[in-house]
Amino acid sequence: MSEKDTSRNATSQESIAEYRYAVHSKGLALWKEKNPVFRANMARQLAEWAAILADMEAEEAQKVTQSGSSKST
């Protein structure tokens, strides 16, 4: 993910998948990293990406919930 990719406005399914993959990959890399400075920086980046992903997931869930309630009305 580049710096421009961290925009919270991106909500396409592709972007969500990219963030899921990035969070997963960064988490795996964090477990393997031995350097404590690198590990701390990776953890910060992982936290940022995870927060963005959580916002994106919540927005998608809201869309699904709204479309489901509009179909039943």
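General observations
- The range 51-73 residues that are in a helix (DSSP H, G or I), paired with ones that are surrounded by 10 or more Cβ atoms within 10 Å (Cβ to Cβ) and modelled with pLDDT of 90 or more (beta carbon under 6 Å, 6 or more apart): LEU53/TYR19; LEU53/VAL23; MET56/ILE16
- Total residues in the range 8-47, condition over 21 Å from GLU57 (Cβ atoms) and either in a helix (DSSP H, G or I) or modelled with pLDDT under 95 (or both): 10
- Matching residues, the range 30-57, being small (Gly, Ala, Ser) and either exposed (fewer than 10 other Cβ atoms within 10 Å of the Cβ) or within 11 Å of the chain's Cα centre (by Cα) (or both): ALA47, ALA50, ALA51, ALA54
- For the condition at pLDDT 95 or above, out of contact with any Ser or Thr (no Cβ under 7 Å at 6 or more places or on another chain) and surrounded by 10 or more Cβ atoms within 10 Å (Cβ to Cβ), ASP5 does not qualify.
The values are calculated or read from the model by the stated rules, or taken from the named source; none is laboratory data. Fair warning: this is a prediction, and the values are worked out from it, not measured in the lab. Ideal geometry is used to build each Cβ from the backbone, glycine not excepted, and the neighbour counts take in all protein chains shown.
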